[in-house]
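Below is one structure, written out as structure tokens, with a few remarks after it.
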């Protein structure tokens with residue numbers, strides 16, 4: 001599900017108000033992920049250790065969020081069968097089914113390459 005790193009940069013900061021709220025749960029590539037209410041899908045995935053969100057349709061390279069504010073489009077994922085959704089702008093919701101974008105059709109919204 002994610003690359004192996006020993007010094008992962010993205011960690012949640014612990015706050016008192018976070019410990020009392022029950023977590024939300026969703027799946028990424030079929031694996032369960034817990035998230036905090038109010039998090040974006042991108043931050044929840046990064047905190048869970050996911051370091052590649054999609055595959056570049058041209059060269060097959062792994063891509064991950066870069067700006068976390070909706071400008072770079074590197075965080076595109078498929079949510080409930082709808083491709084090319086920006087994970088950084090999507091609030092996490094209970095029961096979401098999320099997967100990587102892998103085909104040119106998912107990225108461009110066209111008929112494929």
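Numbers for the structure displayed
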item: Some residue of segment 14-23 being closer than 22 Å to residue 89 by Cβ, at pLDDT 90 or above and surrounded by 13 or more Cβ atoms within 10 Å (Cβ to Cβ); result: yes
item: Segment 52-81, residues that are closer than 25 Å to residue 95 by Cα and in a loop (DSSP other than H, G, I, E, B); result: 52, 53, 64, 65, 68, 69, 70, 73, 74, 75, 80, 81
item: Which numbered condition residue 42 fails, given (1) in a loop (DSSP other than H, G, I, E, B); (2) buried (at least 21 other Cβ atoms within 10 Å of the Cβ); result: (1)
item: Count of residues meeting criterion [in a loop (DSSP other than H, G, I, E, B) and surrounded by fewer than 13 Cβ atoms within 10 Å (Cβ to Cβ)] in segment 30-39; result: 2
item: Residue count, segment 69-84 (criterion: over 17 Å from residue 31 (Cβ atoms) and buried (at least 18 other Cβ atoms within 10 Å of the Cβ)); result: 4
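The values are calculated or read from the model by the stated rules, or taken from the named source; none is laboratory data. Please read all numbers here as calculations on a predicted model, not as lab measurements. With ideal geometry, Cβ positions are generated from the backbone for all residues, glycine too; neighbour counts draw on all protein chains shown.
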